[in-house]
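Readers should treat all values here as calculations from the given coordinates under stated rules, not as data from a laboratory. None of these values were measured; they are calculated from a predicted model. Heads up, the Cβs are rebuilt from the backbone with ideal geometry, glycines too, and the neighbour counts pull from every protein chain shown.
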Amino acid sequence: MNRKYSSPKRSWHKVDLHIHTPASSDYHVQDVNYIDILRQAAQKNLDIIAFTDHNTVAGYRTMLNEIEDLELLERLDRMDDKEKNLLAEYRKLLGQILVLPGFEFTATFGFHILGVFSPDTPIRSIDHVLLNLNIPAKDLDNGSSTVGASTDVLTAYKAITDAGGITIAAHANSTHGIAMRGFKFGGQTKVAYTQDENLYALEVTDLSSTSRRSTSRFFNGSKPEYPRRMHCIQGSDAHRLIRDTQNTSHLGVGDRITEMLLPTADFHSVRDLLRSANFSHTRPYRGTKREIDYVRSAQQEGASIIQSFHPRITKRGGHLFSVISDVCAMANTNGGGIFVGTTSDVASPHTGVTNISRTTATLRGELSRRITPSLNCSIDSLTSRGKKVLRINVPRGDDPPYAIDDNKIFVRDESETTAAVRDEIVQLTQLARKRNKPHSELITTNPARKSRSRKIGPPRTGVEIVATEERDGTIYHTMRDLRNGNQVKNVTRASSRRLWHYAIMQRENDISMKDIKVKWQGNLGFIKQYRKGPITRTDLCQRAKDGNIRIYYGVTEDGLHGPWQKLAKTSKQSE
């Protein structure tokens, strides 16, 4: 039965969830009142802000106490004109701007975490969270960013989330950020800190960047070791009212903010958005600057495991089914975005979508009717170079495998959508069981300790042939997907998909390693680099302890890590 889609009308709201007040001991200026912060927020047309002082909620409490004192004087009819005007201004500004209570917690190793709460949360309850995170009671109102031994990052995430708060990694890519820039260790620790289920979003300082190395692109779900796509937002981290003219990196209230597409400007709408897969419903606010062309930015990234492009969506020619297949495949893999009305070629003009409302309705109906189990995709339209382009935002499904018409199951293999084979369907079912396990069962080791003792593993994308046998004149291979470690047995030259077919052809045509020219660096070897469409791939190899040589075919840039990255770079330069 078709379901009728309906959703509340949404609008863009300006949000700054990282603002300090004079309650932070490192506040930059003197003689700032809380009404001044609200005035500046109104000047910047902000809709939602959060007071997030260091390890304290004293700033928010002070503002509430000031208002309560004024209201008491009002009830006693003892107000002078100045007090009447101040209370009236508070009421006016608080009617325009939602102010959320919160804090910026300093975890072990100095990592900073934002906890943002509903205004209905009692201040004592937020204090209790800080006490449970080992902030000393005597320091609870000091607003200091240095509090001695506190609590580890993962425990802090859980404590904030369990208390009903929004957990955000503060300035994740900068000093004291969990992306660990400048740290000599990382590895599994960084993975755990940025992928934890209790973390709602990453606050980053380069959200407007179009660089391929921007933080939001790193955590967009395309990296094999970071499969969970993260919401990335930005905040001012204001320690003053207005930007410092001498040091412009010291921002004022509302100088770096996020726009959020919300049904209403309230805490629950923000929390629900950051818990959802609606990644297109947040964007950096750029003021009077030219708006970001998100379609062009996507084209520059190209097709990938989380991104695809379709010039048209007509049923004739199978275009609509191709789009639905991508939705199914991404839900079974890492989620992603599908652009309809354009190709991945930046130089080509967009074909565009002429009737947005009708096409959107068709898509929603087809997805609702044909994909099971139910999948909640969001669809929005973007304007690029004078054309309308649809964007389908696909969540990573919680209940795989997802199927079209009950029996057609697809997976995403880097930039391609392919029909899943038996072993992949079994592995998707096992993945569903794993995702439904309690979080405590999934993290069983100390990630920092594990990262120090870790040996050089295979690249993280591409394919490896782990076994080969001949039966009745046909050669069968067991393929390992290096992105997720899944193995598929009984793959033949005739039944193999594109990258698998390439690997099998190389294996069956190579009589021995003596026929392959390898550039060795220790036990790691570079074979060759080549392009398949827009994607550059590399064939690599590695000497195992047993003396055998493992060959990794079709490794993409995302799969190169540590020594592999260095090997590929130096070998390419020497060609």
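Overall dimensions of segment 455-573, expressed as equivalent-ellipsoid semi-axes from the Cα gyration tensor (√(5λ), whole Å, largest first), are 23, 16, 14. Taken as Cα centroids, segment 515-548 and segment 137-177 sit 44 Å apart, rounded to the nearest whole angstrom. For the pairs Lys315/Lys408; Lys44/Lys92; Lys44/Lys387; Lys190/Lys528; Lys519/Lys566, note any where the Cα-Cα span goes beyond 22 Å. Beyond 22 Å between Cα atoms: Lys44/Lys387; Lys190/Lys528.
The value obtained for segment 11-122, namely the Cα convex hull volume divided by the number of residues, is 126 Å³ per residue. Given their separation in residues at 0.36 nm each and the Cα-Cα distance between them, Ala467 and Asp80 gain 130.7 nm when the chain is fully extended. Charge tally for Glu71 (other residues, Cβ to Cβ under 11 Å; Lys, Arg +1; Asp, Glu -1): -3. Highest-first packing order for the peptide set 348-357, 219-228, 363-372 is 219-228, 363-372, 348-357, based on the mean count of other beta carbon atoms within 10 Å.
Return the whole-Å distance between the Cα centroid of segment 348-390 and the Cα centroid of segment 234-249. Cα centres, segment 348-390 to segment 234-249: 40 Å. Going from the residue with the fewest nearby Cβ atoms within 10 Å to the one with the most, Glu301, Glu203 rank Glu301, Glu203.
Among Glu464, Glu508, Glu291, Glu104, sorting on how many other beta-carbon atoms sit within 10 Å of each Cβ, with the fewest leading, yields Glu291, Glu508, Glu464, Glu104. Overall dimensions of segment 157-292, expressed as equivalent-ellipsoid semi-axes from the Cα gyration tensor (√(5λ), whole Å, largest first), are 23, 20, 16. Calculated [222 nm] ellipticity per residue, helices only, for the chain: -9000 deg cm²/dmol; basis is -39500 (n - 2.57) per DSSP H run with n ≥ 4, divided by all residues, nearest 500. Full extension of the chain segment joining Asn198 with Ile456 gains 89.9 nm, where the gain is 0.36 nm per residue of separation less the Cα-Cα distance. Fewest neighbouring Cβ atoms within 10 Å first, the residues Leu73, Leu274 line up as Leu73, Leu274. Note on the chain: antiparallel DSSP beta bridges, both residues inside, total approximately 75 percent of the bridges counted. Each distinct pair of alpha carbons in segment 232-316 adds a 1/r term; the inverse of their mean, the Kirkwood radius, is 16.0 Å. With K and R counted +1 and D and E -1, the other residues having a Cβ less than 12 Å from that of Leu17 yield a net charge of -2. Send over the Kirkwood Rh of segment 297-433, from the inverse of the averaged 1/r over different Cα pairs, rounded to one decimal Å. So the Kirkwood estimate lands at 15.0 Å. Comparing segment 9-55 with the 2.2 N^0.38 Å rule of thumb, its C-alpha radius of gyration ratio is 1.29 (two decimals). Dividing the mean sequence gap of close Cα pairs (under 8 Å, 6+ apart) by how many residues segment 11-292 holds gives a relative contact order of 22 percent. Packing-based ranking of 424-430, 55-61, 316-322 yields 55-61, 424-430, 316-322, ordered from highest to lowest mean Cβ neighbour count within 10 Å.
Can you work out the base-10 log of I(q)/I(0) for segment 335-392 at q = 0.20 1/Å, using the Debye formula on its C-alpha atoms alone? Taken in order of the listed q values, log10 I(q)/I(0) reads -0.76.
How high is the FRET efficiency between Arg370 and Gln565 when r is their beta carbon distance and R₀ equals 51 Å, given to the nearest 0.05? It comes out at approximately 0.80. Size check on segment 165-225: the Cα extents along the three principal axes, sorted descending, read 30, 28, 25 Å.
Counting Lys and Arg as +1 and Asp and Glu as -1 over every other residue whose Cβ lies under 14 Å from the Cβ of Thr56, the net charge comes to -3. When both segment 458-514 and segment 197-217 are represented by their alpha-carbon centers, they are found 36 Å apart. Evaluated at q = 0.06, 0.10, 0.15 Å⁻¹, a Debye calculation over the C-alpha positions of segment 11-292 (equal weights, vacuum) places log10 I(q)/I(0) at -0.18, -0.50, -1.15. The lysines within cross-link reach of Lys9, meaning a Cα-to-Cα straight distance under 21 Å and a gap of 8 or more places when in the same chain, are Lys388. Counting only Cα atoms, segment 79-221 measures 60, 40, 24 Å along its principal axes, largest extent leading. Computing Rg and the Kirkwood Rh from the Cα coordinates of the chain gives a ratio, Rg/Rh, of 1.01.
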